[in-house]
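Chemist: Sending over a structure as C-alpha cells; questions will come in a sec.
The values are calculated or read from the model by the stated rules, or taken from the named source; none is laboratory data. This one's a predicted model, so the numbers in the text were calculated from it and none came from an experiment. Ideal geometry is used to build each Cβ from the backbone, glycine not excepted, and the neighbour counts take in all protein chains shown.
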Amino acid sequence: MTAGKEAGPPVTDRRTAGWRAWALLAPMLAWLMLFIVVPTAVLLVYSFCERDELGRVVYTFTWDNYQRAFDPIYVRIFGRSIGYATLTAAICIVAGFPVACYIGRAREELRDRLLLLVMVPFWTSFLIRTYAWITILKQEGLLNAVLRSLPFGAGPLDLLYTPVAVMIGLVYAYLPFMILPIYGSVEKLDGALIEAAHDLGAGPLRVFSSVIIPLTLPGIAAGTLLVFVPSIAMFAITDLMGGARVPLIGNVIQNQFTQARDWPFGAALGVVFMALFAVTYWILLRFREREEAAG
C-alpha cells in the first residue's frame with residue numbers, strides 16, 4: 001500500500017508544473033492575441049461594414065463587400081495571383097531542392113558557410129535588394145551592358161516592368177524560404193536508406209522519386225506554404241519591378257486601404273485571402289497525410 005503511494009507523483013507537483021507551463025506560454029499567447037487574433041477580429045468586423053460618401057466606416061451588417069469581392073474582375077485578379085504564386089513556388093522548388101540537398105549532405109564546416117550564404121540577403125533591406133534588381137534589369141542596367149559587350153551583340157532586353165521582372169523578384173525574395181525547410185528534411189535523411197535502395201537495384205531516378213522525395217516531403221510542403229502564401233499578397237515587387245502593370249490581390253488590398261479609402265471592401269478582400277490561405281494549408285496537409293499513408 002505504501003509502495004503504491006510512493007510510486008505516484010504528488011498532485012501538488014503536477015499543479016506546479018502546469019502553472020509553470022502556462023507562465024512560459026504566456027508571452028507567446030499574448031503575442032498571438034495582440035497581433036493575430038485581435039487584428040483578424042477587427043478585419044472581420046470591418047468586412048461587414050459600409051463606407052459613406054466621406055470615406056468613413058459605417059458600422060452595420062452587409063454582405064455587399066463579399067459580393068463585390070467575387071466580381072469577375074477581382075476573381076481574375078485572384079486567379080492571376082494564384083498563378084504567379086504557384087509558378088513562384090514551382091520555380092523555387094526546382095531551383096532550391098538541389099541547393100538544399102547539396103548543403104544538407106555537405107561536410108559540417110562547409111555546410112555552415114553555405115547556410116551563411118543563403119542567409120546573407122536578409123542582412124540587407126528588402127527595398128534595397130529590390131532596387132538593385134531594378135538597376136540590373138533596366139535598359140541601361142548591368143544585364144544589358146553585359147549582353148551588348150558580348151561578341152554576338154545580343155540585347156538590349158526589355159525586362160523591367162514586365163511579368164518576367166515580377167517573377168524574378170518573387171523568386172529571388174522567397175527562394176531562401178524554400179531552401180531552408182528542405183535543408184532541414186535533407187539533413188535528417190538517413191544515408192543508409194539511399195545506399196540500401198542502390199543495393200537493391202534501384203537506379204538514381206528511382207531512388208530520387210521513391211526514397212528522397214517522400215522522405216523530404218515535409219520540408220517541401222513547409223517551403224511551398226512559406227513561398228506560396230506571401231507571394232499571393234506581395235505588392236511591393238509588383239509595384240516596383242512590374243510598374244503596377246501586373247496587379248495582384250495584394251496591390252488591390254493596398255489600394256483599397258490607401259487610395260480608395262474603402263476599408264470595408266479591403267477588409268473583405270483580406271478575409272477572402274485568409275480563407276484562401278486556410279484552403280491552401282488544408283490541401284497541403286491532406287497531400288502530406290496521403291503521402292505518409294501511402295509510404
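Chemist: Show me the helices (runs of 4 or more DSSP H) entirely contained within region 176-253 in which 3 or more residues are under 21 Å from Leu114 (Cα atoms) and at pLDDT 85 or above.
Modeler: The helices (runs of 4 or more DSSP H) meeting that bar are 213-233.
Chemist: Just checking, does region 274-294 include any residue being aromatic (Phe, Trp, Tyr), closer than 30 Å to Ile128 by Cβ and crowded, with 17+ Cβ neighbours inside 10 Å?
Modeler: No, region 274-294 has no match at all.
Chemist: I would also like to ask the following. Does Thr130 count as farther than 15 Å from Phe228 by Cβ, crowded, with 17+ Cβ neighbours inside 10 Å and β-branched (Val, Ile, Thr)?
Modeler: Yes.
Chemist: Please tell me if Ala267 is in a helix (DSSP H, G or I), under 30 Å from Thr60 (Cα atoms) and under 17 Å from the mean Cα position of the chain (by Cα).
Modeler: Working: in a helix (DSSP H, G or I): yes; under 30 Å from Thr60 (Cα atoms): yes; under 17 Å from the mean Cα position of the chain (by Cα): no.
Against the criterion (in a helix (DSSP H, G or I), under 30 Å from Thr60 (Cα atoms) and under 17 Å from the mean Cα position of the chain (by Cα)), Ala267 does not qualify.
Chemist: Sticking with this one: Residue check, Phe152 against (1) under 21 Å from Val246 (Cβ atoms); (2) part of a loop (DSSP other than H, G, I, E, B); (3) not polar (S, T, N, Q), all met but one. Which one?
Modeler: Condition not satisfied by Phe152: (1).
Chemist: Then there's this: Looking at region 98-115, which of its residues are surrounded by fewer than 10 Cβ atoms within 10 Å (Cβ to Cβ) and either in contact with a strand residue (DSSP E or B) (Cβ under 7 Å, 6 or more places away or on another chain) or not basic (Lys, Arg) (or both)?
Modeler: Start the filter on region 98-115 by keeping residues that are surrounded by fewer than 10 Cβ atoms within 10 Å (Cβ to Cβ), which leaves 107-109.
Those that are surrounded by fewer than 10 Cβ atoms within 10 Å (Cβ to Cβ) and either in contact with a strand residue (DSSP E or B) (Cβ under 7 Å, 6 or more places away or on another chain) or not basic (Lys, Arg) (or both): Glu108, Glu109.
Chemist: If you don't mind, another one. Working only within region 44-82, note down all residues that are without any contact (Cβ under 8 Å) to a residue 12 or more places away in the chain, among the charged types (D, E, K, R) and within 11 Å of Pro264 (Cα to Cα).
Modeler: The answer is Asp52, Arg56.
Chemist: Moving to a separate point now. Between Ala90, Ala95, which is in contact (Cβ under 8 Å) with a residue 12 or more places away in the chain and of a type in the set (Gly, Ala, Ser)? Even if it seems obvious, please write down each step before you answer.
Modeler: Numbers: Ala90 fails: in contact (Cβ under 8 Å) with a residue 12 or more places away in the chain.
Answer to the check: Ala95.
Chemist: When Ala173 is evaluated against the numbered criteria (1) under 30 Å from Arg245 (Cβ atoms); (2) surrounded by 15 or more Cβ atoms within 10 Å (Cβ to Cβ); (3) without any contact (Cβ under 8 Å) to a residue 12 or more places away in the chain; (4) not polar (S, T, N, Q), which criterion, by number, is the only one it fails?
Modeler: (3)
Chemist: Quick one: what pairs do we get from region 194-216, first residue within 16 Å of Ala100 (Cβ to Cβ) and of a type outside the set (A, V, I, L, M), second modelled with pLDDT under 85 and surrounded by fewer than 17 Cβ atoms within 10 Å (Cβ to Cβ), C-beta under 7 Å, 6+ apart or different chains?
Modeler: Pro214/Glu291; Pro214/Gly295
Chemist: Output the number of the condition that Leu276 fails; it satisfies all remaining conditions of (1) more than 21 Å from Leu44 (Cβ to Cβ); (2) touching a residue at least 24 places away in the same chain (Cβ under 8 Å).
Modeler: With (1) more than 21 Å from Leu44 (Cβ to Cβ); (2) touching a residue at least 24 places away in the same chain (Cβ under 8 Å) applied to Leu276, the lone miss is (1).
Chemist: Please verify whether Leu110 is in a helix (DSSP H, G or I), closer than 30 Å to Phe235 by Cα and among the hydrophobic types (A, V, I, L, M, F, W, C), treating the condition exactly as stated.
Modeler: Answer is no for this residue.
Chemist: Turning to a different aspect of this structure: Quick check on this structure: which one of Val171, Val99 is touching a Cys at 6+ places or on another chain (Cβ under 7 Å) and in a helix (DSSP H, G or I)?
Modeler: After ruling out the rest, the residue left standing is Val171.
Chemist: Residues of region 227-249 being over 22 Å from Ala95 (Cα atoms), in contact (Cβ under 8 Å) with a residue 60 or more places away in the chain, surrounded by 19 or more Cβ atoms within 10 Å (Cβ to Cβ) and not aliphatic (A, V, I, L, M), which ones?
Modeler: Once the filter is applied, which keeps residues that are over 22 Å from Ala95 (Cα atoms), in contact (Cβ under 8 Å) with a residue 60 or more places away in the chain, surrounded by 19 or more Cβ atoms within 10 Å (Cβ to Cβ) and not aliphatic (A, V, I, L, M), region 227-249 yields only Gly242.
Chemist: Looking only at region 129-181, count how many residues are closer than 26 Å to Val99 by Cα and of a type in the set (Ser, Thr, Tyr).
Modeler: Qualifying residue count, region 129-181: 4.
Chemist: Could you go through region 169-176 and let me know if any residue there is closer than 30 Å to Arg286 by Cα, among the aromatic types (Phe, Trp, Tyr) and touching a Pro at 6+ places or on another chain (Cβ under 7 Å).
Modeler: Looking for residues that are closer than 30 Å to Arg286 by Cα, among the aromatic types (Phe, Trp, Tyr) and touching a Pro at 6+ places or on another chain (Cβ under 7 Å), one finds at least one in region 169-176, hence yes.
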